[in-house]
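Notes follow once the structure below has been shown.
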């Protein structure tokens with residue numbers, strides 16, 4: 001949840017910087033703008049956060065990733081992240097900043113995850129993941 005909050009704050013900062021840039025026009029230095037945006041992006045997709053999360057998640061959920069990977073070997077690291085967030089019962093709106101994608105992007109990832117796992121349209125993805 002701390003990661004979610006951190007990413008929300010970083011997104012707000014990025015939006016405010018973009019707004020300032022559009023309001024100030026040429027007065028806002030291009031170089032500094034890109035440095036700030038790059039710094040925000042690096043901290044939003046920090047792999048260290050994911051490693052800590054993965055370790056703690058596996059401790060709580062008895063090797064969830066390993067078992068899921070055995071049953072569905074075609075799952076990518078991104079698929080496993082999404083599955084973990086879904087197992088935590090996070091909403092699409094909460095998952096989007098964690099994956100640094102749009103809400104529509106999360107919906108697309110959910111759809112592809114269902115296909116890879118062979119889950120029928122009438123089955124609930126969350127219920128399937130809760131079995132693991």
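Bear in mind these aren't lab numbers, they're just calculated from the coordinates by the rules spelled out. Quantities reported herein were computed from a predicted structural model and do not represent experimental measurements. Here Cβ is always computed from backbone atoms with ideal geometry, including for glycine, and neighbour counts include all displayed protein chains.
Details
- Between 0 and 90°, nearest 10: helix 30-44 axis offset from the chain longest Cα axis: 20
- Rg/Rg_globular for region 1-44, with Rg_globular taken as 2.2 N^0.38 Å and Rg from C-alpha atoms: 1.24
- Using C-alpha pairs under 8 Å with a sequence gap of at least 6, the mean separation divided by the residue count of the chain gives a relative contact order of 27 percent.
- Summed over all non-identical Cα pairs, the Kirkwood treatment of the chain gives a radius of 16.5 Å.
- Ranked 121, 61, criterion: other C-beta atoms within 10 Å, fewest first: 121, 61
- Summarising the label geometry, the points placed 7 Å from Cα in the beta-carbon direction at residue 28 and residue 42 lie 2.1 nm from one another.
- The simple spin-label model puts a point 7 Å past each Cα toward its Cβ; for residue 93 and residue 115 those points are separated by 2.8 nm.
- Model label points for residue 126 and residue 72, set 7 angstrom from Cα along the Cα-to-Cβ axis, are 1.6 nm apart.
- Degrees between helix 103-117 axis and first principal axis of the chain (Cα, 0 to 90, nearest 10): 20
- Efficiency of FRET between residue 14 and residue 51 - r from beta-carbon atoms, R0 30 angstrom, step 0.05: 0.80
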